[in-house]
Structure formats: structure tokens, C-alpha cells
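The values are calculated or read from the model by the stated rules, or taken from the named source; none is laboratory data. Every value quoted in this text rests on a predicted model; they were computed, and no experiment measured them. As a convention, Cβ positions derive from the backbone with ideal geometry for all residues, glycine included, and neighbour counts pool all protein chains shown. Remember, those area values only see protein heavy atoms, side chains included, never the ligands or the DNA or RNA. Shrake-Rupley method; radii C 1.70, N 1.55, O 1.52, S 1.80 Å.
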Amino acid sequence: MKPIKVGLLGIGTVGAGTFNVLKRNQQEITRRAGRGIEITMVADLNTERARELTNGECEVVSDANLVVNHPDIDIVIELIGGYGIAKDLVLKAIANGKHVVTANKALLATHGNEIFKAAQDQGVMVAFEAAVAGGIPIIKALREGLTANRIEWIAGIINGTTNFILSEMRDKGLDFDVALKEAQRLGYAEADPTFDIEGIDAAHKATIMAAIAFGIPMQFEKAYVEGITTLQATDILYAEELGYRIKLLGIAKRAHVNGQEGIELRVHPTLIPEKRLIANVEGAMNAVLVHGDAVGATLYYGKGAGAEPTASAVIADLVDITRLATADPEHRVPHLAFQPDAMTDTPILPMSEITTSYYLRMHVADLPGVLADVTRILADASISIDAMLQKEPAEGESQTDIVILTHQTQEKNIVAAIAKMEALSTVVGKVIKIRLEELS
Ligand code: NDP
Ligand code: HSE
């Protein structure tokens, strides 16, 4: 059979990785796919660099439209990123009857519903394994491997840059900015690194996983997003003293509020017991815990960013599409795991309704009765305390830190309790609140 012809849009970090791995493992990949997979056209703004990288082995153009409109191209790989030109190109490729592979989680989380609808109407595939957790085949696991299960929750370290920064800060005492620069140098960070450090990239990925796990549309705009920029080193240290690590987690979870089903969709720094495997995921590594009703907890671990790990996922999609290209569209795996007419509109819960445990740190006057006042506020709100840490005031100081870990409660309860604590004359400044998940 003739090789399937591929057009690559963007030969940056992931594009170059894809070109190289496809070339290096061509024979193995052909044996698996059943026919050759050839990148015959590459579009990149920097045509000089693209020519160097491709070494005269394919046509290089600066206008990506030439690729998506080319009649010989069967599959378009979009590795430009962002939701501007990338969206136009993906929709044009689909309209031209081409299958699409993309690593662009920002695009799918924000415009995925429109893109998948267009693909379904055209009978083409849009594959996106690389969009979540880089080289880890988590999309395949959620969409196919766990298809027997009612998925209850997912919790993942799904941003390599922030995990790398937190690890470097904890292990090597590096400053935030230095660790971020290193993550950028290693090719982990997004073109705009605020997407990483403010939790937006992780929220894009959590949105995609929630859609596949629960059969709901992409609803990035309803995700709660909190990054690591306000996280303080003191809290990382206190968490360790209490037996916890702080990780930026993406969480998607079924929940029931007043008898109604809803979905929690949130990204924020989270305390995790240090004995959990996922708490020990360091550097740019990613890990995703998925809890299904039949299988229980399953853990997927691997490189979540970088040229070749991400290329691994891009090429897995190329092989899938090559194998299924001639299949009747009705008999392919649905894009979002559930049949398009079987999606539900289970609402994403507002943050006030989510349920979790909390780490609270407050700076207080070292006076009798302060602790009693604080614990009374929690007791009045029916929030039970799991553990507590009271520090000795430093030499010559009259104020100290109190750290409290609570059992589970609704976010609105803790917010109200914190407001009362901050109103106490003995509590100095703001109460720091970090969510805590036992993940058991
Ligand atoms: P890069 O910035 O390294 O690569 C993007 C490439 O696209 C650059 O070579 C850029 O050229 C080129 N480009 C920009 N605009 C156009 C255009 N209009 N036409 C043609 N080419 C264009 O990004 P990455 O490879 O890191 O990321 C690509 C995608 O993969 C993004 O969606 C990202 O989120 C995703 N991703 C990245 C991972 C990673 O580890 N890096 C991991 C998982 C997903 P120029 O440099 O000249 O502007
Ligand atoms: N910027 C992303 C990260 C790339 O750091 O995880 C992988 O999606």
C-alpha cells in the first residue's frame, strides 16, 4: 500500500521531535501501521531552520495554508500552538477532508466542541494524545482502556514546568525565576509561560480529560484555575513537617450536591500525603491517577513534556489514524470516548460547592485563648480538625504561626470560617488556605 502523506505545521520543539522519531523508527512504525507514514510537507515561519531540520527530505513552505489545501496530504499535524492561526488551519484541514493530529490543548479545551463537530460532520479524525501529559498515553487509557468503568475521579500532575519548578525549589533551593528559566531552556514551557505557572495549561488538560472521562462537552471557562505563583516556601516546609508534599494538581471529579450530580473541575496547589506514589513525582515528570468503579485506582506516569516524549504521542496518533483511515467513520472510536449523541450536560460545580480538606496557616499573637478562638470557629462550622502544628515564636517575637489541617468540608464553609478567623484581633493578616486531597 502507498505511504500515507502527512503535512506538518510548525517544526519547533515538538515538530522537530516528531520529524526525527518518525524518521528514526520508520521501519518499526510501518510494521505497526501497515503502511508507511511520510511527512512530505512542512510549514514553518522560519523556513531556513525548517530546511536544516528536514535536510531536503520534504517540501518546506512558509504558508501553512499550502499544506492544509494540498490535495495529496492525508493527515495534517498541527504543532504551531495557540488558538489563533492554529484554529483556522485545523478547521480548514477538516473542511478539506483531512485527518488532524494536534498537541494543542489550549485549542481543544477552548474550541474543541466546534472542532469535533466539524470533524464528525466531515467524517475525519482529530487525534490529540499529545495534548495531555505529553508522552503518557492517558487519552488512550481513558477513552479505550477504561471504557468499562464509570470513572469517579482523576487527579493529575499534568504540567511539567510547574512540577519541575516546585521540585527544583524544594530539592535545590532554587529561586522560582531561575527554575522557570531552566524549564524554558529545556523546552517544557509554553510559548507564554504564564500559561504554565498560573495553572492555565493544566486546566486545559484537565478540561480535556473531564470531557473524555464523563462524556461532557469541553468547558474550560468553568474550570477553577489557581497557579503556583503565590505559593510560599514556608507552606512547602510546613506541609513536609506534617507529612505532605505540595503539587499543582488538575482534578476532575464526580460529586453530588443536594442530590444533584455535578463535576468538580479544578486546578490548584494541593497537599498530598507524601506516602502516595504521585506525591513523589519529581521534575518535569507527569502522573495521572484515575479512579474507575470497576478497576479502582490506576496510575499513569511518564514524561509530560519535551520534544521526543511528546513526539511519541503524536506518532501514536498518526499510526492510529493510518490504521483506521479506510474504516467507516461510524465504526471508529468516538473523539471524546462517548458517542456524540450520548454526551450529557452534567454541570460543572461552582468552587463554593466543591468538597475537600484544607491546610490553613495563620500568623497569630502568642496569647492564651487564641487557639481556642480559632478552633471554636471551625467547630461552629462543623469543620473537624485532622492535625495541628503550633510553632514556637522566634527569639524576641510575640507572634507565631499556627497550621491546621481540616477534614473534608465544602469550600463555602471554609471561606466563611476564614473570614471569621481574619476578623479576630489576634490573627495577623490573611489566613493562607491550600486544598488537601488524600487521594485514597
Ligand atoms: P514551538 O514554539 O517550539 O514550535 C512552534 C513552531 O510553529 C515554531 O517553529 C514556529 O515558528 C512555528 N509557527 C508559528 N506560527 C506559524 C505559522 N503561522 N505557520 C507555520 N509555522 C508557525 O512550540 P512547541 O513545539 O513547544 O509546541 C507546539 C504545540 O505542542 C503547542 O500547542 C504546545 O502546547 C504543544 N505541546 C508542547 C509540548 C512541549 O513539551 N513543548 C508538550 C505537549 C504539547 P517560529 O519559531 O519561527 O515562530
Ligand atoms: N508546557 C507544558 C508543560 C508542556 O510544562 O507540561 C506539555 O504540555
### Query
Of all residues in the stretch 185-216, how many are open to solvent by 50 Å² or more (accessible area, probe 1.4 Å) and over 12 Å from Thr162 (Cβ atoms)?
4
### Task
Please find, within the stretch 119-139, the residue that is farthest from ligand 2 (Cβ to nearest atom) out of those that are assigned to a helix (DSSP H, G or I) and open to solvent by less than 30 Å² (accessible area, probe 1.4 Å).
Ala119
### Message
Against the conditions (1) of a type in the set (Asp, Glu); (2) touching a strand residue (DSSP E or B) at 6+ places or on another chain (Cβ under 7 Å); (3) closer than 18 Å to Asp317 by Cβ, where does Glu144 fall short? Just the number, please.
### Response
(2)
### Task
Scan the stretch 178-218 residue by residue and report those that are within 14 Å of the chain's Cα centre (by Cα), closer than 30 Å to Asp293 by Cβ and of a type outside the set (A, V, I, L, M).
Gly199, Asp201, His204, Lys205, Thr207
### Query
What strands (runs of 3 or more DSSP E), lying completely within the stretch 21-89, carry at least 2 residues that are within 27 Å of Ala118 (Cα to Cα)?
37-43, 75-78
### Query
Out of curiosity, is Ala33 open to solvent by less than 90 Å² (accessible area, probe 1.4 Å), closer than 19 Å to Lys98 by Cα and not assigned by TED's automatic domain parsing to the domain that holds Gly187?
yes
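Quick check, is Asp177 acidic (Asp, Glu), within 12 Å of ligand 2 (Cβ to nearest atom) and modelled with pLDDT under 95?
No; evaluated as a whole, the condition is false for this residue.
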### Task
Test Ile165 against the stated conditions and say whether it is within 19 Å of Gly302 (Cα to Cα) and either open to solvent by less than 10 Å² (accessible area, probe 1.4 Å) or among the hydroxyl-bearing types (Ser, Thr, Tyr) (or both).
yes
#### Entry: Elements of type strands (runs of 3 or more DSSP E) in the stretch 259-366, at least 2 residues being within 19 Å of the chain's Cα centre (by Cα)
260-273, 285-292, 296-303
### Query
Quick one: what pairs do we get from the stretch 335-364, first residue over 30 Å from Tyr238 (Cβ atoms), second polar (S, T, N, Q), C-beta under 6 Å, 6+ apart or different chains?
Pro340/Gln120; Ile348/Gln219
### Summary
Pairs returned, first residue in the stretch 4-16 that is assigned to a helix (DSSP H, G or I), second residue that is open to solvent by 20 Å² or more (accessible area, probe 1.4 Å), beta-carbon separation under 7 angstrom, 6 or more apart or interchain, are Thr13/Gly187; Thr13/Ala307; Val14/Leu79; Val14/Ala307; Gly15/Leu79; Ala16/Leu53; Ala16/Ala307
### Query
With respect to the numbered conditions (1) open to solvent by 10 Å² or more (accessible area, probe 1.4 Å); (2) touching a Gly at 6+ places or on another chain (Cβ under 8 Å); (3) within 16 Å of ligand 1 (Cβ to nearest atom), which one is the sole condition not fulfilled by Pro3?
(3)
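Results for (1) touching a strand residue (DSSP E or B) at 6+ places or on another chain (Cβ under 6 Å); (2) open to solvent by less than 10 Å² (accessible area, probe 1.4 Å), shown as yes or no for each residue.
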{"residue": "Val364", "(1), (2)": "yes, yes"}
{"residue": "Pro368", "(1), (2)": "no, no"}
{"residue": "Val374", "(1), (2)": "no, yes"}
{"residue": "Asp380", "(1), (2)": "no, no"}
{"residue": "Ser384", "(1), (2)": "no, no"}
{"residue": "Leu389", "(1), (2)": "yes, no"}
{"residue": "Ala394", "(1), (2)": "no, no"}
{"residue": "Ser398", "(1), (2)": "no, no"}
{"residue": "Ile404", "(1), (2)": "yes, yes"}
### Message
Take the residues in the stretch 42-79 that are touching a residue at least 60 places away in the same chain (Cβ under 8 Å) and out of contact with any strand residue (DSSP E or B) (no Cβ under 6 Å at 6 or more places or on another chain); name whichever of them is farthest from ligand 1 (Cβ to nearest atom).
### Response
His70
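Could we say that Gly82 is within 14 Å of ligand 1 (Cβ to nearest atom), open to solvent by 20 Å² or more (accessible area, probe 1.4 Å), of a type outside the set (A, V, I, L, M, F, W, C) and in contact (Cβ under 8 Å) with a residue 40 or more places away in the chain here?
For Gly82, the condition - within 14 Å of ligand 1 (Cβ to nearest atom), open to solvent by 20 Å² or more (accessible area, probe 1.4 Å), of a type outside the set (A, V, I, L, M, F, W, C) and in contact (Cβ under 8 Å) with a residue 40 or more places away in the chain - is met.
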### Query
Hey, does the stretch 140-160 have a residue that's within 9 Å of ligand 2 (Cβ to nearest atom) and among the charged types (D, E, K, R)?
no
### Task
Determine whether the stretch 155-176 contains at least one residue that is under 18 Å from the mean Cα position of the chain (by Cα), more than 22 Å from Leu277 (Cβ to Cβ) and not small (Gly, Ala, Ser).
no
### Task
May I ask you to list the residues in the stretch 280-314 that are within 16 Å of ligand 2 (Cβ to nearest atom), under 20 Å from Glu144 (Cα atoms) and hydrophobic (A, V, I, L, M, F, W, C)?
Ala287, Val288, Ala313, Val314
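A quick yes/no check of all residues on (1) hydrophobic (A, V, I, L, M, F, W, C); (2) buried (at least 23 other Cβ atoms within 10 Å of the Cβ):
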residue	(1), (2)
Gly259	no, no
Leu265	yes, yes
Thr270	no, yes
Ala294	yes, no
Gly306	no, no
Pro309	no, yes
